Amino acid sequence: MPTHEIPRLELDDARFVGQGLARPECVLAFSGNRLLVSDWRGGVTLIRGNGSQKTIIARGEVPPGGLRPNGIAVNRRGEILLAHLDDQVGGVWLMNPDGLARPWLLEVDSVPLPPTNFVYCDDRDRTWITVSTRHIPRTVARSKHIADGYIVVVVDGHAKIVADGIGFTNEAKVDPSGQWLYVNETFGRRLIRFPIDSRAELGRAEIVAEFGPGVFPDGLEFDADGNIWITSVFSNRLLRVDRRGHVETLLDDSVHEFVDVIEQQFSSDSLKDRPPEKIPSRVLRNISSAAFGGSKRQRIFLGCLQGDSISYWDVDTVGAQPPYWDWLNII
């Protein structure tokens with residue numbers, strides 16, 4: 001089935017929603033024109049369609065220094081899951097809409113979870129969790145020579161590792177057909193997918209797309225035509241991968257001189273030694289995730305690592321409806 005060509009997005013057309021957000025790395029869209037974003041202060045922030053906000057900071061059984069939510073998810077009971085990206089330890093916490101939180105998954109096979117990147121709930125009540133690397137600090141794994149990331153699935157309260165040896169595992173989501181788990185390898189510079197069987201076991205990985213200079217894939221989202229929209233950290237790029245694996249750049253707010261330096265460091269295996277603290281750009285602030293929202297899911301929202309708001313564009317494309325579209329109980 002052919003897909004229509006998507007026009008490039010213009011930086012000058014960017015609009016923003018939310019204010020005073022704290023590292024809104026992960027953005028999720030829900031019915032009712034609502035957004036939920038991760039909040040580095042220890043919880044989430046709800047952004048309503050009228051622009052008003054509600055920040056919920058986790059309380060209860062939380063780590064001494066508080067939670068550092070990177071990826072977030074909502075399950076079918078309306079509970080919020082937070083992937084804890086501490087410098088030394090990880091895990092997933094469960095938080096009620098009122099903020100009361102408790103540890104949900106801290107180890108697998110009696111081994112503590114390292115700093116944990118992402119969490120995702122599918123429509124079969126399975127929870128998928130990604131760990132980018134076993135190395136601490138995580139920056140050590142900013143290398144094409146290290147591939148020790150893995151994927152955990154939790155089914156009926158039982159957790160198991162279902163994929164390993166991944167080049168810095170980032171976002172992982174089940175596609176709308178329910179047959180495949182798509183995964184970004186940030187420093188493997190690939191989008192891969194695994195077939196999912198009835199026991200939530202994963203088959204052999206398939207390469208969907210490989211990315212060239214300047215692209216380090218982070219977040220992913222599906223549109224209704226079967227394409228995958230990918231965000232790239234460092235370079236502030238938004239890409240679309242079609243069903244044939246063809247990669248098209250839709251948005252680029254990179255500073256070429258900076259990206260050239262990153263490429264040189266990555267090639268010489270020194271990016272792990274001198275990670276950049278600030279990503280230069282004109283408009284965007286190191287985009288990291290994507291979500292289709294709005295009343296018709298024709299608005300693309302981009303989470304970011306270094307900004308305090310969420311950028312968005314209205315597009316002709318319709319986003320696929322995520323399983324959690326109607327699961328959020330906060331209004």
Original post:
Can we say Ser311 is in a loop (DSSP other than H, G, I, E, B) and in contact (Cβ under 8 Å) with a residue 12 or more places away in the chain?
Top reply: no
Original post:
Which one of these does Val37 not meet: (1) farther than 19 Å from Arg59 by Cα; (2) open to solvent by less than 10 Å² (accessible area, probe 1.4 Å)?
Top reply: (1)
Original post:
Taking the stretch 247-272, which residues are without any contact (Cβ under 8 Å) to a residue 12 or more places away in the chain, in a loop (DSSP other than H, G, I, E, B) and open to solvent by 30 Å² or more (accessible area, probe 1.4 Å)?
Top reply: Ser268
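Any chance you could count how many residues in the stretch 84-97 are part of a loop (DSSP other than H, G, I, E, B) and either surrounded by 15 or more Cβ atoms within 10 Å (Cβ to Cβ) or touching a helix residue (DSSP H, G or I) at 6+ places or on another chain (Cβ under 9 Å) (or both)? It would help to see each step written out before you state the result.
Initially, the stretch 84-97 is screened for residues part of a loop (DSSP other than H, G, I, E, B), giving 85-91, 96-97.
Those still in the list that are either surrounded by 15 or more Cβ atoms within 10 Å (Cβ to Cβ) or touching a helix residue (DSSP H, G or I) at 6+ places or on another chain (Cβ under 9 Å) (or both) too: 85-87, 89-91, 96-97.
Selection size over the stretch 84-97: 8.
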Subject >> Conditions (1) on the phi < 0 side of the Ramachandran plot; (2) part of a strand (DSSP E or B); (3) open to solvent by 10 Å² or more (accessible area, probe 1.4 Å); number of the one not met by Ile151 >> reply: (3)
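When you go through Leu81, Leu100, Leu106 one by one, which is the residue that is out of contact with any Asp or Glu (no Cβ under 8 Å at 6 or more places or on another chain), within 28 Å of Trp180 (Cα to Cα) and open to solvent by 10 Å² or more (accessible area, probe 1.4 Å)?
Leu106
The values are calculated or read from the model by the stated rules, or taken from the named source; none is laboratory data. Treat the numbers as computed from the prediction; the structure is a model and nothing was measured. Every residue, glycine as well, gets a Cβ built from its backbone with ideal geometry; the counts of neighbours run over all protein chains shown. Only protein heavy atoms, including side chains, enter the accessible area calculation; ligands, DNA and RNA are left aside. Shrake-Rupley method; radii C 1.70, N 1.55, O 1.52, S 1.80 Å.
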